[in-house]
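Some notes on the structure that comes next.
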Amino acid sequence: MPEMIKGYNFAFIDEYAKREIRRKILKAVSIPGYQVPFGSRELPIARGWGTGGLQITLSLIGKEDILKVIDQGCDDSVNAVNIKRFIKATTGISITADTLKATIIQTRHRIPEEEMGDKQILVFQVPYPEPLRLVEPQEAQTRRMHAEMDYAKIWVFLYENIVKWKEITIGARYPVFVNGRYIMDPSPIPRYDVPRLNYARTLYLFGAGREKRIYAVPPFTEVKPLEFKDHRFRIEDFTAKSCALCGSKDTFLDEIIEGDRRIFACSDTSFCKKRRENPNIPKSSVKK
Amino acid sequence: MRDWILKVENLTKIYGDGCPNCLKSETNKCSFCRATIAVNSVSLTLYGGEILGIMGESGSGKSTLVRNLYFDIPPTLGEAYLNKERRNIFELNSQEKRKLRNFNMGMVYQSPYLGLNFEITAGGNVAEKLLMANWRSYSNIRRRLIDLFEKTELPLNRMDDFSATLSGGMQQRIQIAKALANNPEILFLDEPTSGLDLSVQARLLDLIKKIQQELKISIILVSHDLGVIRLLAGRVLVMREGRIIESGLTDQILEDPQHPYTQLLVNSML
Amino acid sequence: MQDIILEIRGLSKKFNLHLLGDKVITAFQNASFVLKRGEFLGISGKSGSGKSSLIKCIYRTYLPTEGEIVYYPKNRIPIDLAKCLDEEIIDLRHRKIGYVSQFFHAIPRVSCLKIVTQTLIQQGVDKDRAKRRAKNMLLRLLIPERLFDAYPSTFSGGERQRVNIAQALVKKAELLLLDEPTASLDKTSRVIVLGEILKLKKKGISTIGIFHDDEELKRFADRILVLEEGKIKEIYENDKDH
């Protein structure tokens, strides 16, 4: 990996940009689940490739930080690797694959399996920040709906789901109710990860670069998936399945098709590696 | 005597800039500033458990009037008071207005396209009101839907069909079921039977009468059809060019109309 | 001195027919009289003398042009029916004033039982009792049970009129206004209807009635008011046999 590139500001974007983004992050943290508009800067990465999450990371990162970047749980995917290269080239900071060692973790579409602590920040890359876009195409209307807490339309959508399919059919991007006030899109994480948002010890920040929105779930915030009392939220069912590489029965598994074989393997590659070395390692080693 | 449920004072709706002469205009177009005075200084009282008819021809302002009261269209001037609410309801913030709209009022539009969402099922349209009132149990919602469908004589086996697939008469009944979902005190009916076949119209009107007698709900019924008014309303307001030109008991308006325009209308009954 | 239930002062009714070039037709003018509580005041006069219009003014189907109609309900404040609010009239019509019109406008698609039951429910009677009393009254007026669920729009003139009378009599109103109630009835029905009216009179209900048959009028009325060309000609005490 190249060392720091000369001629650029630390972490590439200028200090004024960082100031604005930090202010917007503060506002987002003050109003959990509320989408704060921000001036999304031009980056040498195209829109749709994580520029939102990236801008949050660049605004917060300092010389002492240790960075982890994953894409669908994997540290080594092209997207994750490029982002890490870019950040290292403009900051010189250390990179790790170990969830417990990182201070900032930028992720695309997954929450790491291991429980994180209160000194870590998880930054989500968000493609579509608006959970109500499913039922309302107009931005002016969705803003009004959030402002007036008029969420009837999305509830009707869920009702219609149950009428047609006997259950709610939303997979990733499952809408959640944050702090009893805003409905939020948790980004395309699987249902499996949604319960991790509730009363977490870690600060969760969400950045949508193309859509120009930042939102946040501060630690110990109530985050509940939308559900009916008699049709409750369910996570993916992995009973009778385990990881082909490490044998774990309690992680989110990807389905891999190799030729005519179908195998399941841990989505979180770094944790899978840890489990291969020590199958009994728990997910939670954070002192309570 | 029964208490009043709704009191409206000098309700006015002007489209356009308006000028000090607008309210004095004899027609609904101001000759000074070309503004349209759709509703001109209308005052009325709605008592508990009654059906108040608003009769007028096209352009009389009757639909605009109820849409003002239902918060669809903001009025230019005037006040309205709901029995429980001490303040002018037009001065409430949008949250409070929405609350009144959801819980205290129901509306049936002339066209089902205004009142229904055609992309969801018939039951879904009615459920929307319940979900707005924070019903979170699917089975409770279904039970209430069955109850409302039965009340409005809608076939239960159409509950999960898309609203577009039901007949005009049924669509109006879905609107009624939706309007009644949260047990409102006031029901606004804006020409609910326009364009429907005669037998369908009769059934719908009989249903409205039945519901009113059972639930003792107060209704404002807008219609250009004197027959509809005669069948349902106890009192009538006659509107023309945005103003109320006569008001009285239904039988008195029909048998002893005073204003020349009212006499013309009554004489024009088929 | 008997107390008064209704006091009419200077009552006039003129129709202004705007569509006929503002032609004014006077139904009656300057009518003044009283109705004592429990009394039966009969109104007689030739056709066109203003009898129906007078009754319709009291019931407010016609808007009086001039004058007062002061109603003294038992134990309540007096109210001028000519000037009070529409809403107050509706309330009085439900609870205190009964009316039998000359021609019954049959409300379509409502059974005769429902029509009569509904008037009681509007008076505040509970559903079951209202239904029972309605059935009773219809039977007494010789409407058979098999017609209870039928629509009066399909009935004969006489049957329709009896339903009309039933809805007025069942109410046990304080004030009863009758406009030729027996006009389209056969002899048997007429006798029965008159019997029911007499029963009410004995209960102390005050009545103003127009009767087609002078003989019938003379049987019931305590006093008779004679209208001629829109003016009261005379009011005299009636010498009855019973």
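List the strands (runs of 3 or more DSSP E) that sit entirely inside region A:169-268 and contain at least 3 residues that are free of Cβ contacts under 8 Å to residues at least 24 places away in the same chain.
A:253-258, A:261-266
Anything in region A:171-187 that is surrounded by fewer than 19 Cβ atoms within 10 Å (Cβ to Cβ) and either closer than 23 Å to A:ILE104 by Cβ or at pLDDT below 95 (or both)? List them, or say none.
A:GLY171, A:ALA172
How about region B:186-198: which of its residues are touching a Leu at 6+ places or on another chain (Cβ under 8 Å) and closer than 18 Å to B:LEU52 by Cα?
Correct list: B:ILE186, B:LEU187, B:PHE188, B:LEU189, B:PRO192, B:THR193.
Identify all residues within region C:199-214 that are open to solvent by less than 50 Å² (accessible area, probe 1.4 Å) and closer than 13 Å to C:LYS172 by Cα; write none if there are none.
Scanning region C:199-214 gives C:LEU200, C:LYS201, C:GLY204, C:ILE205, C:SER206, C:THR207.
When you scan region A:50-72, how many residues do you find that are more than 22 Å from A:SER94 (Cβ to Cβ) and surrounded by 20 or more Cβ atoms within 10 Å (Cβ to Cβ)?
Number of matching residues: 2.
Among the candidates B:GLY49, B:GLY78, which residue alone is within 30 Å of C:ASP91 (Cβ to Cβ) and assigned to a loop (DSSP other than H, G, I, E, B)?
Among B:GLY49, B:GLY78, only B:GLY49 is within 30 Å of C:ASP91 (Cβ to Cβ) and assigned to a loop (DSSP other than H, G, I, E, B).
From the set of residues in region A:149-168 that are assigned to a loop (DSSP other than H, G, I, E, B) and either touching a helix residue (DSSP H, G or I) at 6+ places or on another chain (Cβ under 6 Å) or open to solvent by less than 40 Å² (accessible area, probe 1.4 Å) (or both), which is nearest to B:ASN157 (Cα to Cα)?
So the residue we want is A:ILE168.
Give just the number: which of (1) buried (at least 16 other Cβ atoms within 10 Å of the Cβ); (2) assigned to a helix (DSSP H, G or I) does A:ALA140 not satisfy?
Just one mismatch for A:ALA140, condition (1).
Quick check on region B:103-111. Is at least one of its residues open to solvent by less than 50 Å² (accessible area, probe 1.4 Å), under 18 Å from the mean Cα position of the chain (by Cα) and either within 13 Å of chain A (Cβ to nearest Cβ) or under 30 Å from B:CYS19 (Cα atoms) (or both)?
no
Assuming A:ASP150 fulfils every condition listed in (1) over 29 Å from A:ASP254 (Cα atoms); (2) in contact (Cβ under 8 Å) with a residue 24 or more places away in the chain apart from one, which condition is it?
(2)
Within region C:70-79, is there a residue that is of a type in the set (Ser, Thr, Tyr) and within 21 Å of B:GLN252 (Cβ to Cβ)?
Scanning region C:70-79, I find at least one residue that is of a type in the set (Ser, Thr, Tyr) and within 21 Å of B:GLN252 (Cβ to Cβ), so the answer is yes.
Among the residues of region C:16-33, write down those that are assigned to a strand (DSSP E or B), of a type in the set (A, V, I, L, M, F, W, C) and open to solvent by 40 Å² or more (accessible area, probe 1.4 Å).
Across region C:16-33, the qualifying residues are C:LEU17, C:VAL24, C:ILE25.
The rows are residues; the columns are (1) assigned to a loop (DSSP other than H, G, I, E, B); (2) touching a Gly at 6+ places or on another chain (Cβ under 7 Å); (3) β-branched (Val, Ile, Thr).
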{"site": "B:GLU26", "(1), (2), (3)": "yes, no, no"}
{"site": "B:ASN40", "(1), (2), (3)": "no, yes, no"}
{"site": "B:GLY59", "(1), (2), (3)": "yes, no, no"}
{"site": "B:ARG67", "(1), (2), (3)": "no, no, no"}
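Would you please name the residue that is farthest from B:ALA181 (Cα to Cα), looking only at residues in region B:114-152 that are in a loop (DSSP other than H, G, I, E, B) and at the interface with chain A (Cβ under 10 Å from one of its Cβ atoms)?
B:GLU119
Among the residues of region B:246-265, which ones are facing another protein chain (nearest Cβ under 7 Å) and part of a helix (DSSP H, G or I)?
B:ASP251, B:GLN252, B:GLU255, B:PRO260, B:GLN263, B:LEU264
Given the criterion within 13 Å of another protein chain (Cβ to nearest Cβ), touching a helix residue (DSSP H, G or I) at 6+ places or on another chain (Cβ under 9 Å), under 17 Å from B:VAL66 (Cβ atoms) and open to solvent by less than 40 Å² (accessible area, probe 1.4 Å), identify the matching residue among B:LEU221, B:LEU232.
Checking each option against the conditions leaves just B:LEU232.
Quick test for you: out of A:VAL178, A:VAL217, pick the one residue that is within 13 Å of the chain's Cα centre (by Cα), within 26 Å of A:ARG144 (Cα to Cα) and β-branched (Val, Ile, Thr).
A:VAL217
Among the residues of region C:58-75, write down those that are within 11 Å of another protein chain (Cβ to nearest Cβ) and open to solvent by 40 Å² or more (accessible area, probe 1.4 Å).
C:LEU63, C:THR65
Is at least one residue of region C:101-123 surrounded by fewer than 16 Cβ atoms within 10 Å (Cβ to Cβ), of a type outside the set (Val, Ile, Thr), within 22 Å of C:PRO181 (Cα to Cα) and touching a Ser or Thr at 6+ places or on another chain (Cβ under 8 Å)?
yes
Being over 14 Å from A:TYR215 (Cα atoms) and in contact with a Pro (Cβ under 9 Å, 6 or more places away or on another chain) is the filter here, so list the residues in region A:13-48 that pass it.
A:GLY48
For B:SER199, work out the one condition from (1) in a helix (DSSP H, G or I); (2) among the hydroxyl-bearing types (Ser, Thr, Tyr); (3) touching an Asp or Glu at 6+ places or on another chain (Cβ under 8 Å) it doesn't fulfil.
Tallying (1) in a helix (DSSP H, G or I); (2) among the hydroxyl-bearing types (Ser, Thr, Tyr); (3) touching an Asp or Glu at 6+ places or on another chain (Cβ under 8 Å), B:SER199 fails exactly one: (3).
Which one of A:GLU148, A:GLU167 is within 12 Å of chain B (Cβ to nearest Cβ) and either in contact with a Lys or Arg (Cβ under 7 Å, 6 or more places away or on another chain) or small (Gly, Ala, Ser) (or both)?
Selected residue: A:GLU148, the only one of A:GLU148, A:GLU167 that is within 12 Å of chain B (Cβ to nearest Cβ) and either in contact with a Lys or Arg (Cβ under 7 Å, 6 or more places away or on another chain) or small (Gly, Ala, Ser) (or both).
Any residue in region B:1-11 that is open to solvent by 10 Å² or more (accessible area, probe 1.4 Å) and away from chain C (no Cβ under 14 Å)?
The answer is yes, given that some residue of region B:1-11 is open to solvent by 10 Å² or more (accessible area, probe 1.4 Å) and away from chain C (no Cβ under 14 Å).
Using beta carbons and a limit of 6 Å, which pairs, at least six apart or on different chains, have the first residue in region C:26-39 and among the hydroxyl-bearing types (Ser, Thr, Tyr) and the second one open to solvent by 10 Å² or more (accessible area, probe 1.4 Å)?
That search, which allows pairs on different chains as well, returns C:THR26/C:LYS14; C:SER32/C:ARG9; C:SER32/C:GLY10.
So which residues in region C:85-99 are more than 9 Å from chain B (Cβ to nearest Cβ) and either part of a helix (DSSP H, G or I) or open to solvent by less than 20 Å² (accessible area, probe 1.4 Å) (or both), if there are any at all?
Across region C:85-99, the qualifying residues are C:LEU92, C:HIS94, C:ARG95, C:ILE97, C:GLY98.
Are there any pairs, at least 6 apart or on different chains, whose C-beta atoms fall under 6 Å, with the first in region B:56-79 and farther than 19 Å from B:LYS29 by Cβ and modelled with pLDDT of 95 or more and the second open to solvent by 30 Å² or more (accessible area, probe 1.4 Å) and basic (Lys, Arg), and if so, which?
Taking only residues 6 or more apart or on different chains, the pairs are B:PHE71/B:LYS97; B:PHE71/B:ARG101.
Limited to region C:141-157, what total is found for residues that are modelled with pLDDT under 90 and either within 14 Å of chain B (Cβ to nearest Cβ) or part of a helix (DSSP H, G or I) (or both)?
Of the residues in region C:141-157, 3 are modelled with pLDDT under 90 and either within 14 Å of chain B (Cβ to nearest Cβ) or part of a helix (DSSP H, G or I) (or both).
Run down C:GLY42, C:GLY50 and say which single residue is within 23 Å of C:LYS199 (Cβ to Cβ) and either in contact with a Leu (Cβ under 7 Å, 6 or more places away or on another chain) or of a type outside the set (Lys, Arg) (or both).
C:GLY42
The values are calculated or read from the model by the stated rules, or taken from the named source; none is laboratory data. Computed from a predicted structure; not experimentally measured. Methodologically, a virtual Cβ is constructed for each residue, glycine included, from the backbone with ideal geometry; neighbour enumeration extends over all protein chains shown. Accessible surface areas use protein heavy atoms only, side chains included; no ligands, DNA or RNA. Shrake-Rupley method; radii C 1.70, N 1.55, O 1.52, S 1.80 Å.
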